[in-house]
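Novice: Would you mind keeping the following structure in view while I ask a few things?
The values are calculated or read from the model by the stated rules, or taken from the named source; none is laboratory data. These numbers come from a predicted model, not from an experiment. Don't worry about glycine lacking a Cβ; one is built from the backbone with ideal geometry, like all the others, and counts go over all protein chains shown. Quick note on the areas: whole protein, heavy atoms, side chains included, nothing else; ligands and nucleic acids left out. Shrake-Rupley method; radii C 1.70, N 1.55, O 1.52, S 1.80 Å.
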Amino acid sequence: MGSDKSKPSGLSLTRRHFTQALAATAAAAAIGLPATRARAATSVNFVGWQGYDDPVAFDDFLKSKDITLNTTYIGNNDEIVAKLRGGGIGTIDIVTPYMGYIPLLVKLDLIQPIDVSRVPNLEKVMPIFRNDPNIVVDGKLYGVPFTWGGGPMVYDPAVFATPPASWKDLLKPEFTGKVGMMDDPLGNMMIGALVATGTQTPTKINAAQLEQTIDFLIEMKKQSRVVAASWGDLSDAIARGDVAITFNGWETMVKFCADKGKAVKYAYPSERTHAWLDNYCIAKDAPNLDAAYELCNRVISVEGQKRLAEVAIQAIVNADAVAALPADIRALYPYDDIADYGKKASFFGFPPVEPEGDLTTFSDWLKAYERFKAA
């Protein structure tokens, strides 16, 4: 996640083609990293979202372990791939990808399996996160999940006592001019594919289904008063009364709006929505493996998880930490119904980055999304 806590890291994507990121130069990949491997044995090189280092760095933990953290912050998940492929192997220790990127990182041999015996706090991670098939590849765990969120329908209960049951309902005349959207290519298109095509796997669609998805999103845009650049901007629009309901959303918007004096709620429509799960992963040939494992265990400790929930207002995975949260923070996310969360919001895999039969690639998605942007 970037320094702007108004957007979740897992869904912050650029519109440039994914393949362009893969072709990034070694010089660009090395920005912010030490030029050589000649450094202290307790130094850890961290490439991830700003704020994702805070749960391991906010107190005296690093000092107690004699670890120095060297951070390089990213602006999108593509940069993780580019930095590792552009000279980062053997210099980078920890990366923090969204779960949809992990199968690609494994395929490209850029990260290594997690030795679960060295991360004892994994026992406290709720099964829905620990066993997500995106992070378990060929029976091996490749990510330590530590934070998550979804894309619910956020609404003003003063305007709508009961939210509509379906995303399609937002196209009805009574919602015209009351809808707010995010400029979120991946999130919008996953929901759009679920609704417009009826598919159960919205990141595995053909060209005709992709066109249906964009057609639907354009119709939703016509209903919308706002297409916001950030979750903070979308929350501001609801708090001001400019919009009363959202297509796509984030559970944390409840807190953003409450801070502005506006009470909102969220719901998961019948077609479901997307969800994201961010992880600590250990890079292939990580030069400071022992220290990297210390950080992986720390980020899912009760202390680290509480810090993430109470300061960054993000959802957490450690069941003991959830139980220790203040009631108002715990109420922001559906922890009490977490076993059924996957029935409402799913951790869909990433669209193909290379051609696979008649399936559209992520590059195709970004090109198609420009039609939505131009409408």
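Novice: How much accessible area per residue does region 113-219 have, in Å², with a 1.4 Å probe? Please report the intermediate quantities before stating the final value.
Specialist: Numbers: 4040 Å² over 107 residues.
The answer is 38 Å² per residue.
Novice: Another question, if that's okay. Could you report the accessible area of residue 91 in Å², rounded to 10, computed with a 1.4 Å probe on the protein chains as they sit in the structure?
Specialist: Near enough 20 Å² of accessible area.
Novice: Additional query: Go ahead and estimate [θ] at 222 nm for the chain from helices alone: -39,500 (n - 2.57) per DSSP H run with n ≥ 4, summed, over the residue count, rounded to 500. Before the final figure, lay out the partial values.
Specialist: Values: 16 runs with 122 residues, N = 375.
Taken over the chain, the calculation gives -8500 deg cm²/dmol.
Novice: Which of the peptides 289-295, 217-223, 97-103, 369-375 is most tightly packed, and how do the rest follow, going by the mean number of other Cβ atoms within 10 Å of each residue? Kindly include the intermediate steps, with their values, before the conclusion.
Specialist: Details: 289-295: 21.0, 217-223: 18.7, 97-103: 25.1, 369-375: 14.4.
Top to bottom by mean Cβ count within 10 Å: 97-103, 289-295, 217-223, 369-375.
Novice: Now for a separate question. So what does residue 311 come to for accessible area, using a 1.4 Å probe and Å² rounded to 10?
Specialist: Answer for residue 311: close to 80 Å² accessible.
Novice: Would you kindly find the accessible area of residue 117, with a 1.4 Å probe and non-protein molecules such as ligands, DNA and RNA excluded, rounding to the nearest 10 Å²?
Specialist: For residue 117, solvent-accessible area is about 90 Å².
Novice: Calculate how many DSSP beta bridges within the chain are antiparallel, expressed in % of all such bridges and rounded to the nearest 5.
Specialist: Details: 21 of 38 bridges.
Given both bridge residues lie in the chain, the antiparallel proportion sits at roughly 55 percent.
Novice: Follow-up. Sort 336, 233, 278, 242 by heavy-atom solvent-accessible area, probe 1.4 angstrom, most to least. Show your work: numbers first, answer last.
Specialist: Numbers: 336 155, 233 75, 278 0, 242 40 Å².
I get 336, 233, 242, 278, largest accessible area first.
Novice: Any chance you could list the semi-axes, whole Å, largest first, of the equivalent ellipsoid that the Cα gyration tensor gives for region 228-328, using √(5λ)?
Specialist: Working: eigenvalues 210, 55, 34 Å².
So the three semi-axes of region 228-328 are 32, 17, 13 Å.
Novice: For residue 124, go through the lysines and keep the ones whose alpha-carbon is under 19 Å away, minus same-chain ones fewer than eight residues off.
Specialist: 140, 306
Novice: Another question, then. Going Cα to Cα from residue 65, which aspartates and glutamates come in below 13 Å? Please leave out same-chain ones fewer than 8 positions away.
Specialist: List returned: 290, 294.
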